[in-house]
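The next block holds one structure in the form of structure tokens; read it before the comments.
The values are calculated or read from the model by the stated rules, or taken from the named source; none is laboratory data. Just so it is clear, the structure is predicted and the values come from calculations on it, not from any experiment. Note that each Cβ is placed from the backbone with ideal geometry, even for glycine, and that neighbours are counted across all protein chains shown. Accessible surface areas use protein heavy atoms only, side chains included; no ligands, DNA or RNA. Shrake-Rupley method; radii C 1.70, N 1.55, O 1.52, S 1.80 Å.
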Amino acid sequence: MLIYSTFGANMNKTFLVSVIGMLSIGFVFLTGCSGAKPLTKIKTVDFKGVTQSMKGEKPVLKWNFENAEKVKINGIQRNYNPIDSISVSADTTKIYNFIVTKENDTLNLVWRVFVDQPATGIETGKLNDIINQTKPSYINSNFLRGVQSNKSTTDVKTLKIMRHYYPFESKNSIRAKALVLDEFGNYISGFGTKGTGFIELNGTTGCTGNIKNSPVTGFREFTAEDDSNGVDFALVLDNSSIAGDYFPIYEQIKTFLKGYSQDDRFALYNFNQNFKETISLKSSKEISDSEITGVKSGGLSAIFKSLKYSIERLTTEISKRKKVIVLVAYSTDNASIIYDRNDIIDLAISRDIPVYVVGVGNAVDSYSLSSVANLTGAKYYNVDENELDNISLIFNEIIFAQKSGYQFDVPVSADQTGGCTIINANIEFVTVTSRCYDTLAFPTVRGRHEFNYMAVASFEFRDTVVSDEYLESAEILAGVLIQNPDLSIELIGNASIEGNDKFNYHLGLKRAQSVRKLLIQQGADPSKIRVRSDGSNNPVYYLQESQWMQYYNRRVEMRWLDPSLLPYEIVAQISETETDALGNVEKWEDLGYRSYYERYLQNNFPVYRVKIWGFSTTKDAEKTAKKLSGDYGMPFFVQ
């Protein structure tokens, strides 16, 4: 199914205003009582921010800053020049904090040096001491660490529903598979069937505010001996620009594989805007340590396109083996072009593959990715940047739950009617000494997926040449335009703070023109491609604190000019504060127009651009803009 990425111009603007309202707290520090604070004028020409080295080496960190006077590195008693370098010892992974200054202007940056230890090889078999399925753990944990018999304890802390699906043709009940854990992360085995006195399993289902008791049936424990076919575990790993902050993930993969059963198989897929099969599906004993080595991060993030390719790779072979996909994502999808969340949900359900998602850090799109996990019958994990050591535990928990746990059925019909948007199924697990619960949510209507933005390419500092790494994205987009001659697109060039406003405007325009030329070379019709520039006025990341934030700001994004999506807008006015912008939006709405506002940079100051939206053609928008200009005596611009 072809999906258009149309957030900025074509989304439901009421939803956008709500989102901006929720984000207003985050903008307070920029728009406080004393007025807007300008962004730093220090420009980062060269600052990699990430270095990978072998133990004992002395990597060189080089940098180049414009409009700076000196560079200070915390812990080192000297000042450096704006264009300079330093050689550092690489014995252990270390973070260097840079402070770049010019008078009262300051820019703080971080450089991470990741040190690889000498290869030792991966030994498989019983799990290591970090995760042990043969004896109890006594380390407090929210994740699986060991196994404990209910004869030793019935003190349950957590019920985790790890898998759910419709097991029967009638689709009147959900089958759930769950883990029961104590405070040390021990899976508690051996509970009897419901009604024996050991436990009670209670269920309630229904719309919020109209929950009713529902019988939970079919409770039983299952073990690895019940199904000896093994598990195919595919790890889909984010390798976009932001991934440079997370090189330790590879050590977690090695830790996981050391305890990986030889009856199971493992595959590793890396992605940015492109998809790469790093390790084909094979048993862990066939995987060498050198294959689990971090590759250079870079580029955009095509999460949904890569999940599609992963599902297709994992199902090329017909077998009775359970199949599991685990996505580790650090960012929002900004490069899938024609695939969205709903495409992946439909494909995963049709192939019976749960998609577990581990969202790391605060730049990840947790809303969309948690929907993918939930609606494919899996689980979403949120991991803070300082909690990477938990990732091997999460991997182990996921694969353990495919083989062992408790199973029960809950009446939740696939034919959900009644006027509410979400059906909740609440499960309570009660023992003699404790109780715990978990909840599943089933939307009655799956909403259209709206992207924040969708990029075709990003660029290096002050560069306008499209890198070869974006050829695949251009080919996909050109192919869609060729196959759908009625479609048109707009390419919008953007810049980070690479010069003054005039320079950045022309830089963004040149970038959009370069992408247009590339699409034409691929066979796209030039008459179906419009270009414009937003310069540095519409960044994805306003503070631009890291290299990857600046890189994402130097993008060419696209939107579909489909009349049915009402893509054309009128820029009505610029407001200096968010309060004024919201007031102006409400005034336009009172006059019968559809309106919203967006945050914008003007001469490096944050302002708010008020727009009137909902025009299917340029002619309609220009007609309204002309009328408004006459009525109010001020210019209105069509976009």
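Tabulated results
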| item | result |
| --- | --- |
| In sequence order, calculated HN-Hα J values of the range 333-347 (Karplus, 6.51, -1.76, 1.60; Hz; x Gly/Pro) | 5, 9, 8, 6, 6, 10, 10, 9, 3, 5, 4, 5, 4, 4, 5 |
| Rg/Rh ratio calculated on Cα atoms of the range 434-484 (Kirkwood radius) | 1.31 |
| Estimated 222 nm signal from helices in the chain, with DSSP H stretches of n ≥ 4 weighted -39500 (n - 2.57), rounded to 500 | -7000 deg cm²/dmol |
| Total charge dipole magnitude, the chain, about the Cα centre, Cβ charges on Lys, Arg, Asp, Glu only, Debye to nearest 20 | 260 |
| Distant-in-sequence amide H partners of residue 554 (H built 1.01 Å from N, under 5 Å) | 459, 496 |
| Percent carbon-and-sulfur accessible area, the chain, ignoring ligands, DNA and RNA, probe 1.4 Å | 49 |
| Globularity ratio of the range 504-630, using Cα Rg and 2.2 N^0.38 Å | 1.20 |
| Percent of beta bridges antiparallel (DSSP, the chain, rounded to nearest 5) | 70 |
| Degrees, to the nearest 10: 391-401 long Cα axis against longest axis of the chain | 50 |
| Surface/4 estimate of mean projected area, convex hull on alpha-carbon atoms of the range 567-615, nm² | 3.2 |
| Translational diffusion coefficient (Stokes-Einstein; Kirkwood radius from C-alpha pairs) of the range 211-329 at 4 °C, 1.567 mPa s, in µm²/s | 81 |
| Cα-based helix-to-principal-axis angle, 578-590 vs the chain, degrees rounded to 10 | 80 |
| Cross-link pairs 177/305; 41/623; 305/528; 151/177; 160/212; 296/323 - those with Cα-Cα distance over 31 Å | 41/623 |
| In sequence order, calculated HN-Hα J values of the range 288-298 (Karplus, 6.51, -1.76, 1.60; Hz; x Gly/Pro) | 8, 4, 5, 6, 9, 10, x, 9, 4, 7, x |
| With DNA, RNA and ligands ignored, accessible area of residue 637 (1.4 Å probe; Å², nearest 10) | 120 |
| Average Cα contact separation per residue, the range 438-559, under 8 Å, 6 or more apart, as relative contact order % | 36 |
| Reported label for calculated Cα extents along the principal axes in Å given (1) 79, 60, 60; (2) 80, 65, 53; (3) 74, 60, 48 | (2) |
| Amide proton proximity set for residue 50, modelled H, under 5 Å, gap of 5+ | 112 |
| When the convex hull of its Cα atoms is projected in every direction, mean area for the range 226-273 (nm²) | 4.1 |
| Length released on extending from residue 70 to residue 501, taking residue separation times 0.36 nm less the Cα-Cα span | 152.6 nm |
| The range 258-417 - share of DSSP beta bridges that are antiparallel (%, nearest 5) | 40 |
| Average accessible area per residue (Å²) across the chain - probe 1.4 Å, nucleic acids and ligands excluded | 44 |
| Tilt relative to the chain, helix 303-314 - C-alpha long axis, 0 to 90 degrees, to 10 | 40 |
| For the range 471-488, Karplus couplings with θ = phi - 60° (6.51, -1.76, 1.60), whole Hz, Gly/Pro x | 5, 4, 4, 5, 5, 4, 5, 4, x, 5, 5, 5, 6, 10, x, 7, 8, 10 |
| Calculated over the range 198-254: convex hull of Cα atoms, volume per residue (Å³) | 257 |
| Taking the range 327-457 and dividing mean pair separation by its residue count, relative contact order in percent (alpha carbons under 8 Å, at least six apart) | 26 |
| Residues with amide H under 5 Å from that of residue 533, placed H, sequence gap 5 or more | 493 |
| 634, 549, 454, reordered so the largest accessible area comes first (probe 1.4 Å) | 634, 549, 454 |
| Where 501, 409, 486 fall by accessible area, highest first, once all protein chains stay in place (1.4 Å) | 486, 501, 409 |
